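Read through the structure below, which is laid out as C-alpha cells, and then see the notes.
The values are calculated or read from the model by the stated rules, or taken from the named source; none is laboratory data. All values reported here derive from a predicted model rather than from experimental measurement. Cβ placement follows ideal geometry from the backbone for every residue including glycine, while neighbour counts extend to all protein chains displayed.
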Amino acid sequence: MKKCFFVFFSILTSYSQLMASDAYLEIISKLKKATQVDTGLINLANAEALDLALNGQYKKAEQISALTYSQSKKDNYKRGQAASLYTYSIIKLGKGDVENGLNHLVESRVIYESINDSNGIVKCYVESGITYFTQKEFKDALREFENCYKFIQIKEENKIALNRYLSGLCLIELNLYERAELYLKQAEQLYIKNNLIFNTHECYTGLAELYFKRKELALAKKYYEKNIDYFLDEKEYTGLAINTFGLGNIYNLQNNYKEAKKYYLNAYNYSLLSGELYRKDEYAKALSALYLKEKDYKNAYTYNEIFHAAHDTFYNSENSKAVNTLQSKLKIARKQYENDLLKKQQIAKDQIIAAQTNFLYVVVGASALLLIFAIYAYVQFQNKKRLSKELLRLNSDILLLSKEIEEKNKLLEKDNYKKAINIQAKEKRILDFAFFNAHELRAAVARILGLVNVFKHSYYNQEDLSTIVEMVEKSTLGLDDMVKDFGNRLIVIEEEENKSE
C-alpha cells in the first residue's frame, strides 16, 4: 500500500513538474513570437517568472525576465520593466548576490514611482527592508520600512499592520524599545480587527522578545506561554520552537536550569520538525552552554558537536549558492589580479631600489657628517687641551709675578720707610741749621756788626780800641768756631747719606 502510494505520488509530482515545464515553454515561445507589446502576456510571464524564482528555479525565471524586460523596454511598457526588474532582484537575492539584488529593487521602485504604482513601490520597499534585516543592517531596514509606510493606503490595514510589525522588529534590534512596542501594538490591534490570528501571535512573539530585552520577564513569559498554546493547537513548529526557546531563556536568566533545559530541548525538537537548520544550530549551542553550567560535560560535548555540524552544514549550503557566481568572476579577476600583481611587483621593485639608493645616500651623508663632526670634535679637543696648558703656564707666570710684585712691594715699603726716616732727619737738620743760622750765627754776626758800628761812630781811646779789637777778635773766633762746627756737621750728614745710599 505504501509502495503504491509512493508510486502515485511520484507520478503526480512528475506530472505537475511537466505541466509547469509546459507552461514555461509556452510562455517562452509566445514571448519570442510576439511582434508587439502584449501587456497581458507580459504580466502573465512576469508572474510565472516570479513564481519560478521563489521556487528556486532561477535559470528559467531569468530567461523569462530577460524576454519580458527587453520587450517592455522596446515598447516602453514601464510596468512590465518594473516587474521584470523586481523578478531579477528576487533571482539575485536567491543566489546570494545581495548587492545586485538591492540595485534591481531600486531600479524597479524608481520605475514604479514614475507611473505612481503604489503597490509596486510598497513591495520593493518591503523586499529591500527584509533583505537588509536578514543582513542585520537594521537601520537601513527600518529606513526602507518607514519609506514604505508613506505609500500604503489607509484602507490597506493588513499592509499597515505588516509594515508596523516589521518596523517594530527593526526597532527592537536597534534597542528603541518604546517605539518598537508602539508599532507592535498597532500591528496587533489591526490583525485582531481583521481576525488574522496567526499574524496576531507573530506580534505577540515580537512583544515577548521586546519585554525579554527590557528585562520585563513576567510580561515576556505571559506572551511566550500564550503563543505556545496557540502554536501547539495549530501544530506550527517554527512558532513553537521560537517561543519555547524564548521561555527557556527566561528560566536560564533566572538560574532555573531545570526548566530552561526542558524548554531548550523542546525548542530543539520543534526545530527538527520544522526543518530549520539555523534554529537547530542556535538551540544546540544554548543546550551545550546550559549543560556546561551544570557540569554535564558529556551532553555539553554532544550538543556542541551538533552545533558545529549544523553550523557548518547550514553555512556551506548558503555559501554554495555564491560559489558558481564567484567562480565565473574569479577567472576574469585572476587575470586582472595577475596583471595588477606584476605591475605592483615592478612598482615594489622600483620602490625597493629607490629606497636602497636613498638609504645609501642617507648612510653616506650621515657617515660624512659623523666624520666631519669627529674631526671638529678632535680639533676642538686639541685646542682645548692646548688652551688648558697655556692657561696653566699663564697661571704659574702670574703666580711668580705676583710673588715678585709682593717682594718688590715689601722692598719699596722698606725703602720708603728708610727714606721717610732720612727725610725726617734732614728736616731736623734743616731746622737745626735754621736755628743755628737764626740764632747762633746771627748773634755772632750781630755782635761783630755792633762792634764795627761802635768803631765807626764813636770816639774812643787806645784802651777802648784795644778792648774793641779784643772783643771783635773774640767774636770772630767764636764765629769761626761756629762755621767749623757747621762744616763738621755737614761732613757728618754727607757721610750718613752716603751710607744710607
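Descriptive notes on the structure:
- Contacts under 7 angstrom Cβ, first residue in the stretch 393-422 being assigned to a helix (DSSP H, G or I), partner of a type in the set (S, T, N, Q), 6 or more apart: LYS418/SER500; ASN422/SER500
- When residues of the stretch 163-214 are limited to those that are among the charged types (D, E, K, R) and within 13 Å of PHE145 (Cβ to Cβ), the one farthest from the chain's Cα centre (by Cα): ARG164
- Scanning the stretch 72-89 for residues being surrounded by fewer than 24 Cβ atoms within 10 Å (Cβ to Cβ), touching a residue at least 40 places away in the same chain (Cβ under 8 Å) and not aromatic (Phe, Trp, Tyr) gives a total of 1.
To keep it simple, each residue is scored yes or no on (1) modelled with pLDDT under 90; (2) under 23 Å from VAL110 (Cα atoms).
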position: ILE130; (1), (2): no, yes
position: PHE145; (1), (2): yes, yes
position: LYS150; (1), (2): yes, yes
position: LEU162; (1), (2): yes, yes
position: GLY206; (1), (2): no, no
position: GLU209; (1), (2): no, no
position: LEU219; (1), (2): no, no
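- In the stretch 273-283, residue modelled with the lowest pLDDT [restricted to those that are more than 40 Å from the chain's Cα centre (by Cα) and within 13 Å of ALA309 (Cα to Cα)]: LEU277
- Hey, PHE133 buried (at least 19 other Cβ atoms within 10 Å of the Cβ) and assigned to a loop (DSSP other than H, G, I, E, B) or not: no
- Conditions (1) over 38 Å from the mean Cα position of the chain (by Cα); (2) over 15 Å from TYR58 (Cβ atoms); (3) assigned to a helix (DSSP H, G or I): number failed by ASN103: (1)
- Residues in the stretch 86-100 that are more than 15 Å from LEU44 (Cα to Cα) and part of a helix (DSSP H, G or I): 10 in all.
- Hey, LYS262 more than 22 Å from ASP281 (Cα to Cα), modelled with pLDDT of 90 or more, assigned to a helix (DSSP H, G or I) and of a type outside the set (Phe, Trp, Tyr) or not: no
- Residues of the stretch 451-467 that are modelled with pLDDT of 75 or more and either surrounded by 11 or more Cβ atoms within 10 Å (Cβ to Cβ) or within 24 Å of LYS428 (Cβ to Cβ) (or both): VAL452, SER466, THR467.
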